[in-house]
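Structure first, then comments.
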Amino acid sequence: MHIWLAATLIAATLTWPASVPARDHLARPDGPGTATASKRQTDSAASPSKRRTGSTASPSKRQADFAVAARQHGVPESVLLGVSYLESRWDANGGSPSTAGGYGPMHLVDTLPAVHRGLGDALGDARGDDARPMSRTVTAAPPLSALRMADPPATLPQAGRLIGADPASLRADPAANIRAGAALLASYQDRPSADPVDWYEAVARYSGAEDAATAHEFADEVFSVMREGAERRTDDGFLVRLDPVPDLPAPEEKKTENVGKAGNTGQVECPESLACEWMPAAYERFGKKKSGNYGNHDHLSRTRTVDYIIIHDTEGTYRGIPSMVGDPKYVSWHYTIRSGDGHVAQHVPTNDIAWHAGNWDVNTRSIGVEHEGYLAKGGTWYTEAMYRSSAKLVEYLAGRYDIPLNRAHILGHDNVPGSTPKAVSGMHQDPGPYWDWAHYFDLLNKPLKGAKNGDSIMIRPPYGENRPRFTGCGTAKPGKDCPAHGATTVWLHKEPSESSPLISDPGKHPGKPGTYSVYDHSARASTGQRYAVAARQGDWTAIWYLGQKAWFYNPPSKPTAVPAKGPLVTPLKPGTKVYGRAYPEKSAYKLASHQPLTPLQYKIGPGQTYTVGDTVTGSYYAAGAFSPAKHVTTTGQLRYYQIQLGHRVMFVMTKDMRLIE
C-alpha cells in the first residue's frame, strides 16, 4: 500500500463521523424509493400529490459524504463524483445489487449473482409467428459452456479491508460505501495528485473492465461528465451536484484500437468512441439434412431499410450471453450492452435480420439492442455507463440509417405490437417503467421537450418525483406493492378520479380493467409518447387510447405531460380496423406465399384522434430459407399510418383515415 494512502486511511479511521443507519427500504430491481410499500397508502386511497412527492431527506448529506471521502483519501472530489455518477447516478438503490453484483453509489462488486441466461422470457418466439421457415419452436437457452469473458473483480471485500469495514455495511450504508469506494480508487493511483487528469488510469481500472479499450472508454465518459457537470436528486432524496470543469484537458490518448476481443477484423459497426466486441450469433443449418432448419437470424443479399431501434433488457446476466447467441436453435439480436462498464458486443450485422421483437414485420425493419438488466426482479438497476454506451450506439445507428430520434422510432420491446390477435396478450414488457426515457433522449442529444401551443400532448412526468404504484416486483407476490421509485409512466383511468378503475385493454384484459402489475402495460402511457387530447377536467387530461378516453392526473402546477406538435388522424367510418403489421394487399404477392391482413382486437371510429409516427408502404420480406438468394420481397400499393394507439404502436390503412396536419 502506498504510504500516502495508508496515512489517509488512518486519518479516516480517526475522524470519520458516525454513519447514518440505512433507510428502511425494500429491495427491488432498479432501486427503491423512499418508503416501503407497507408504509404507503394504496393508489386508490392516496392523493395524487402525495403519491408523486419525492423524499424530504436533506439535500446536502450525500454531497457531504462525497466531499469528506474525497478529502480523506486524497481523491479529487470531481473525480469521485464522476466515477460514482457513471456507476450509479449517485443512487443508493436501497442495498440492492446491480446485475453485475455491485452495491451502493460506488458500485462495489460483491460475490456475483448466479448466472441467469434470461432472454427466453424477454424474447420468447422472437422471430414472429408468421414467418417461421421451420416446423419447430425456439428452444430454451442451452447449458452454459466455456464463457468468453472474465467475471468483474469482487471489489467490495477489498474496499472493505481498506477502511476496516464489514461487507454488510458497504452494502447497506451509502456513506460507508462512498468512503470505501474512494479508498479503492486511491489504491489504484500511482502517486498523490490534486489534478483530475492524473487520475485517468485509476478511473479506467476502477471500471473493472477486462480489456483496455472498454476501461478507457469508461474513463472517457467519467471525464466527459466532469467537463459537462451534472445535478440530480438521488433515489433516496439527496440533491447532489458535480460542478462542470469545462477547461479540463483531455487525458493523453491511451486507448487501443476498436478491434474487440474475439478475433474481430473490423466487422463491428460502432462509433469510434465505443470499444465494441464482435461476438457472432450462430448462422447455420441443423437437424436432418432436408429439414430446412437453420438459425438464428437471416442474412440478406440486398440493403434493407431500417425504421426502428428496439430497446430490450436481457432478463438475465451478461455472462449467459455467449452460450445463447451462439446457439443456432435460439433467437438473436444485434447488440448487447453490459451493465457494469457499458461494454458493447455485436452479434448480428445491422443489415441482417435478427429474431428479437416477436413481430416479423418489425424484425425486418429494426435493430435490436439488449441491455443487461431486469425489468422488475433480481434487485438490479440500470447504470449510467450502460445508458451512455447505449445512447452513443443508438445515435450512431440512427444517423447511419436515417432513423428519427423520437419515441415513434426508438421503441421499447414493450411498444412493439402483436402481429396477430393471438399474439397480443403474450407480447413482452421490457425494458419496463423504470427505464429513464427522458434521460436517455438527453444523452441522444434529442431532449423530449414538447412544443408551444401543441395540438397534442407528450407524456413527460418528472422521473425522480413520479412514483406511481406498481405491484409484483422481485420475488414478491403478484398483488404486493413495489417500493416507491421514480418511473416514466402514468396510469390511465376510466374516469378523472383516482378511485376510478384502470381502463380495459380488449387484447390484454377483455372486459376487465387493467392491473397495477409492473409487467402490465395495458393502462399506461410512457415518457416521450405523443397522444391526441380527448378531454380535460380540472387536474385531469383524457387521451384517445385503444379506442376509448383514458384519463391521467396532469395538474397544471406539476404537469405529467407537455404540449406537442405533429400530424394526427381520425377514422372515416365506425369500426375502423387496426393492424400489428404493415403488409401488402393480396394481389401484390407473386412469388411469396400470401400473408393475410389480419386485424387486431381493436377498432376505432369517427370522433377519435390518434397521433401519427410514420407513413409506410405495405411490404413483406419472405425469408424461410438458409440461402438469402431464395428470399423474396413483396411490395404492394397499400399505405399505412403508424399510430400511437395504446402503449404500443400499431398500423391503420391510410384509405380509412383522414389526416389532420
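Annotations
- Centroid-to-centroid, using Cα positions, the stretch 269-301 and the stretch 491-558 are 41 Å apart.
- Long-range amide H partners of ASN296 with built H, under 5 Å: ALA282, TYR283, GLU284
- Pair-distance profile P(r), taking every C-alpha pair of the stretch 400-451, with 5 angstrom steps and integer %: 4, 17, 21, 22, 17, 11, 7, 1
- Long-range tail of P(r) for the stretch 537-637 (Cα pairs > 23 Å, %): 49
- The 3J(HN,Hα) values that the Karplus relation (6.51, -1.76, 1.60; θ = phi - 60°) gives for the stretch 308-314 are, in residue order, 9, 10, 9, 8, 10, 10, 6 Hz. Gly and Pro appear as x.
- Global dimensions of the stretch 476-608 from alpha-carbon coordinates: Rg and Dmax equal 17.9, 59 Å.
- Here the Kirkwood formula puts the hydrodynamic radius of the stretch 343-480 at 17.0 Å, using every distinct Cα pair.
- Hz values of 3J(HN,Hα) by residue in the stretch 593-603 - Karplus curve (6.51, -1.76, 1.60), Gly and Pro given as x: 5, 5, 9, x, 7, 8, x, 7, 6, 8, 9
- Applying the Karplus relation 6.51 cos²θ - 1.76 cosθ + 1.60 with θ = phi - 60° to the stretch 535-548 yields 3J(HN,Hα) values of 5, 9, 7, x, 8, 10, 10, 10, 10, 7, 8, 6, x, 8 Hz, where x marks Gly and Pro.
- Distant-in-sequence amide contacts of HIS371, defined by a placed amide H-H separation under 5 Å and a gap of 5 or more residues or a different chain, comprise HIS312, ASP313, THR314, ILE337.
- Distant-in-sequence amide H partners of ALA564 (H built 1.01 Å from N, under 5 Å): ALA451, GLY454, ASP455, SER456, ILE457, MET458
- Per-selection metrics, the stretch 594-661 (Cα): Rg and Dmax in Å: 14.9, 49
- Long-range tail of P(r) for the stretch 403-509 (Cα pairs > 25 Å, %): 32
Every number here is computed from the coordinates shown, using simple stated rules; none is lab data. These figures come from a predicted structure and were not determined experimentally.
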